[in-house]
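Scroll down for the structure; my scribbles are underneath it.
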Amino acid sequence: MGGVSFLSTVPSFTNINNRQQHLTFSSSHRSVLIRCCKTDHQVSDNTFSFHRRDVLKLAGTAVGMELIGNGFINHVDDAKAADLNQRRQRSEFQSKIKLTLSKAVKAKPELVPSLLTLALNDAMTYDKATKSGGANGSIRFSSEISRAENAGLSDGLALIEEAKKEIDSFSKGGPISYADLIQLAGQAAVKATFLTSAIRKCGGNEEKGNLLYTAYGSSGQWGLFDRQFGRSDATEADPEGRIPLWGKATVQEMKDKFIAIGLGPRQLAVMSAFLGPDQAATEELLASDPQVAPWVQKYQRSRETVSQTDYEVDLITALTKLSGLGQQINYEAYTYPVERINLSKLKL
């Protein structure tokens, strides 16, 4: 498409009256008056009045046509298409990862507490003062996983290692980071606990439990968590002393740690399942604190409802914030160039 000249879209500006500064041109239907200063309100019904802004609109339209003629819009469309293609690639890859993790967790449900604490402890190394640590996969290093606060988490890490081998085998955009995989494994473990609760409410009937979870679950609340996909891996273990021994810590020590990373008593209560293998015992301890107790009771009541909405939504929100600590998300991670089809070589 050839370029379109701006001047070709604007009527000839001749015979300008300097005093009133207006122009008149005719069409086959009616006369049109373009005014560049004051407006004469005594204009006949068959006359349209235009201001400077109307002329500028004509100019804008002409410039837009010039850009189209020069191929600028085509470049914009190409960029949008590339962006949409990357989103599709990431979404499809993430769906496959979730399916892999869901199968792994279902095969070893006893590892759910370990996976939850792995996600928590990997992210909780974040230090606001130095902006270091966080959800960076550093817990995979032997010097970190062997620390006292990570005792009993090796089996959960082994599950993640096995899942990574499978996921990397079908990834077209490079290996998945441990940072992403650990948090996605935490998500899979959370979903497994939600589903288990639904099945329990249906008297142990797995089919009915799945239907209940589908109908009343909070799957739609995972949107922001899923967008945080593209975390970078640490190249060394995070510093020691940043994670409490959850099984021996006082409620105040737990509160202080949550506050230090930007969370509070509410998030501490909703994430009780992440703080050890025995959630009931953890909640009993947390309920001894007047600041945390109301939230513990709120979530206990919510879990007994059909939808357990308050508990699910608040837990998803807390995990989403936790899983992004210390990270700048690469939204182009795991994308790859699509092979272009050379139409000239097609035999029709």
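The values are calculated or read from the model by the stated rules, or taken from the named source; none is laboratory data. This one's a predicted model, so the numbers in the text were calculated from it and none came from an experiment. Methodologically, a virtual Cβ is constructed for each residue, glycine included, from the backbone with ideal geometry; neighbour enumeration extends over all protein chains shown. Accessible surface is based on the protein model in full, side chains and every heavy atom, while ligands, DNA and RNA are left aside. Shrake-Rupley method; radii C 1.70, N 1.55, O 1.52, S 1.80 Å.
Using modelled backbone amide H atoms (1.01 Å from N, in-plane), which distant-in-sequence or interchain residues come within less than 5 Å of Ser132's amide H?
Asp127
If contacts are Cα pairs under 8 angstrom and at least 6 residues apart, what is the relative contact order of the range 220-348 in percent?
Dividing the mean separation by the residue count of the range 220-348 yields 34 percent.
Tell me whether the range 302-342 comes out rounded, prolate or oblate; compute the Cα gyration tensor, take square roots of the eigenvalues as a ≥ b ≥ c, and use a/c under 1.5 as the rounded threshold.
oblate
What is the local net charge at Ser218, summed over the other residues whose Cβ is closer than 14 Å to its Cβ (Lys, Arg +1; Asp, Glu -1)?
For residues surrounding Ser218, the net value is -2.
Within the set of other residues whose C-beta is less than 15 Å from the C-beta of Thr235, count the net charge using Lys and Arg as +1 and Asp and Glu as -1.
Net charge in that neighbourhood comes out at -3.
For the pair Ser219 and Glu253, how long in nm is the line joining their label points, each one 7 Å along Cα→Cβ?
Placing both labels 7 Å along Cα→Cβ, they lie 4.1 nm apart.
Listed highest first by mean packing, meaning other Cβ atoms within 10 Å per residue, what order do 257-269, 84-96 come in? The partial results should precede the final answer.
On the way: 257-269: 18.7, 84-96: 14.5.
Order by mean packing, descending: 257-269, 84-96.
Placing +1 at every Lys and Arg Cβ and -1 at every Asp and Glu Cβ, with all other atoms neutral, what dipole size does the range 88-213 have around its Cα centre, in debye to the nearest 20?
With only Lys, Arg, Asp and Glu charged at Cβ, the dipole is about 460 debye.
Using alpha-carbon positions, what is the distance between the centroids of the range 154-198 and the range 105-119, in Å?
Taking the Cα centre of each part, the range 154-198 and the range 105-119 sit 10 Å apart.
Residues with amide H under 5 Å of Ala249's amide H, sequence separation 5 or more or different chain, H placed in the peptide plane at 1.01 Å from N; which?
none
Please calculate how many Å² of accessible area the range 94-203 carries per residue, with a 1.4 Å probe and no DNA, RNA or ligand atoms counted.
40
Just the accessible area for Val296, please: 1.4 Å probe, Å², rounded to the nearest 10?
The accessible area of Val296 comes to roughly 0 Å².
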